[in-house]
Amino acid sequence: MKVVAFRLRPNEDLRQSLKIFAINQNINAGFILTAIGSLKQASIRFANQQTSTVLTDKFEILSLNGTIANTGVHLHIAIADKEGKTIGGHLDNGCIIYTTAEIVIGYTEEFAFTRKVDEQTGHQELEIIPSFGNR
């Protein structure tokens with residue numbers, strides 16, 4: 001496993017920045033090790049919903065989990081408001097950094113992540129492809 005770390009700055013879009021980072025770093029199979037920071041806007045798709053909910057306030061990023069690759073990202077986020085109430089769901093475009101986001105990503109060259117429509121779920125689901133040398 002290899003590890004990379006970086007920081008996002010105010011007004012950057014969290015999800016878009018992670019996608020661009022994966023492409024620029026040519027990450028084929030990555031995963032979030034840790035991420036903390038703050039948002040001034042959150043765009044989260046809650047369980048079994050078709051569209052995301054946009055929340056405008058100041059939020060602390062408590063947790064960010066999921067897979068990241070140059071072929072796409074699938075991430076879930078947990079945030080807390082100024083009263084400590086926690087909410088979470090599927091990270092969508094439109095989560096805008098307030099002060100910072102400190103992110104550490106692990107990745108491996110043992111396999112690659114891609115997405116393909118699963119006949120059972122009807123959604124783009126993770127497909128794990130062993131690297132050529134590990135088949």
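The values are calculated or read from the model by the stated rules, or taken from the named source; none is laboratory data. This is a predicted model, so every value here is computed, not measured. Using ideal geometry, Cβ is built from the backbone for each residue, glycine included, and neighbour counts are taken over all protein chains shown.
Evaluate region 112-125: report whether one residue or more is aliphatic (A, V, I, L, M), touching a helix residue (DSSP H, G or I) at 6+ places or on another chain (Cβ under 9 Å) and either within 24 Å of Ile20 (Cα to Cα) or not in a strand (DSSP E or B) (or both).
No, there is no match, as no residue in region 112-125 is aliphatic (A, V, I, L, M), touching a helix residue (DSSP H, G or I) at 6+ places or on another chain (Cβ under 9 Å) and either within 24 Å of Ile20 (Cα to Cα) or not in a strand (DSSP E or B) (or both).
Taking the condition of being loosely packed, with under 13 Cβ neighbours inside 10 Å and in a loop (DSSP other than H, G, I, E, B), how many residues in region 1-34 meet it?
Residues meeting the conditions: 5.
Identify all residues within region 35-60 that are over 13 Å from the mean Cα position of the chain (by Cα), in a strand (DSSP E or B) and among the hydroxyl-bearing types (Ser, Thr, Tyr); write none if there are none.
Scanning region 35-60 gives Ser38, Thr53, Thr56.
How many residues are surrounded by 13 or more Cβ atoms within 10 Å (Cβ to Cβ) and polar (S, T, N, Q) when one looks only at region 100-135?
Matching residues across region 100-135 total 5.
Report, by residue number, each residue of region 68-77 that is part of a loop (DSSP other than H, G, I, E, B) and either in contact with a Pro (Cβ under 7 Å, 6 or more places away or on another chain) or not hydroxyl-bearing (Ser, Thr, Tyr) (or both).
Residue satisfying the conditions is Asn70 alone.
Out of all the residues in region 78-104, which are in contact with a helix residue (DSSP H, G or I) (Cβ under 8 Å, 6 or more places away or on another chain) and part of a strand (DSSP E or B)?
Across region 78-104, the qualifying residues are Leu91, Ile96, Ile97, Ala101, Ile103.
Would a scan of region 19-27 turn up a residue that is within 21 Å of Leu126 (Cβ to Cβ) and without any contact (Cβ under 8 Å) to a residue 12 or more places away in the chain?
yes
Residues in region 81-95 that are surrounded by 16 or more Cβ atoms within 10 Å (Cβ to Cβ) and either more than 13 Å from the chain's Cα centre (by Cα) or modelled with pLDDT under 95 (or both): how many?
Number satisfying all stated conditions: 1.
Might you let me know whether region 35-47 holds any residue that is surrounded by fewer than 12 Cβ atoms within 10 Å (Cβ to Cβ) and modelled with pLDDT of 95 or more?
no
For Phe46, only one of the following conditions fails: (1) of a type outside the set (Gly, Ala, Ser); (2) touching a Gly at 6+ places or on another chain (Cβ under 8 Å); (3) at positive phi. What is its number?
All conditions are met except number (3).
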